[in-house]
Amino acid sequence: MEKYEKLLNMLMEFNPLVRFTAVCSKDGEIEWSSQRDNVTNIISLEDTKTSMKRAAESWKARKELSKNGTGDGMYTITAYEKIKRITIPLDDDHILFISTDNIPKSDKDYGRLVGMGDIMSIVDFINKNE
C-alpha cells in the first residue's frame, strides 16, 4: 500500500468527523483521495480542486516566508459554519488536505482544533515508518 494511501486510511479511521482526505501535488493536483461513505458533498469536487490549487500556491508563499525566520509552516485550518478544511505540507512535493465536519459539542465550542495533535502524530508516524 502506498504511504499516502495508508495515511488517508488512518485519518479516516481515527475520527468520524473526517469527511474527505486527499494528498495533492505541489501544483494542487489530486494524487490520492478518500471520502467517507454516506457523506453528502457540501462543496463540489471541482471547487475542492480549485481550493487545493490555491492552497498549494499559498504553501509555496509560506515556504518563502519561512526563510525570514518564522520557521516552516506546520498546518492551516480554515473554519466555516459547517466544515473545517485543513492543509498540511507533507514534503516538498505533497500537501495533505482534510475536510471535517464542524459540529460543536456545545454552543460555544467552535474553537476546537479537530484533534490536530492526533492528526500530526499520524502524519509523523507515516513519514517515519514508510
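Please treat every number below as a calculation from the coordinates, not as lab data. A quick note: this is a predicted structure, and the numbers were derived from the prediction, not measured. Every residue, glycine among them, receives a Cβ derived from its backbone with ideal geometry; neighbour counts consider all protein chains shown.
Largest GNM mean-square fluctuation among Ser58, Ser33, Ser25, using the chain with Cα springs under 10 Å: Ser58. Think of it as helices only: each DSSP H run of n ≥ 4 in the chain is worth -39500 (n - 2.57), and spread over all residues that comes to -12000 deg cm²/dmol at 222 nm. When you filter the GluC sites (Glu not before Pro) in the stretch 3-67 for DSSP loop state and at most 15 other Cβ atoms inside 10 Å of their Cβ, you are left with Glu29. Here the dipole of the chain is about 400 debye; that uses its Cα centre as origin and unit charges on the Cβ of Lys and Arg (positive) and Asp and Glu (negative). Among Lys49, Lys67, Lys84, the largest mean-square fluctuation in a Gaussian network model of the chain (Cα springs under 10 Å) belongs to Lys67. Lysine pairs in the chain whose alpha-carbon atoms fall under 14 angstrom of each other, counting only those eight or more residues apart or on distinct chains, come to 7.
Within the set [x] 8.8; [y] 8.4; [z] 12.2, the number that mean projected area of the Cα convex hull in nm² takes when calculated for this structure is listed as [y].
Stretched out straight at 0.36 nm per residue, the stretch from Met120 to Ile30 would grow longer than its current Cα-Cα span by 30.4 nm.
Of all the options Asn38, Asn15, Asn102, the one that moves most in a Gaussian network model of the chain with Cα springs shorter than 10 angstrom is Asn38.
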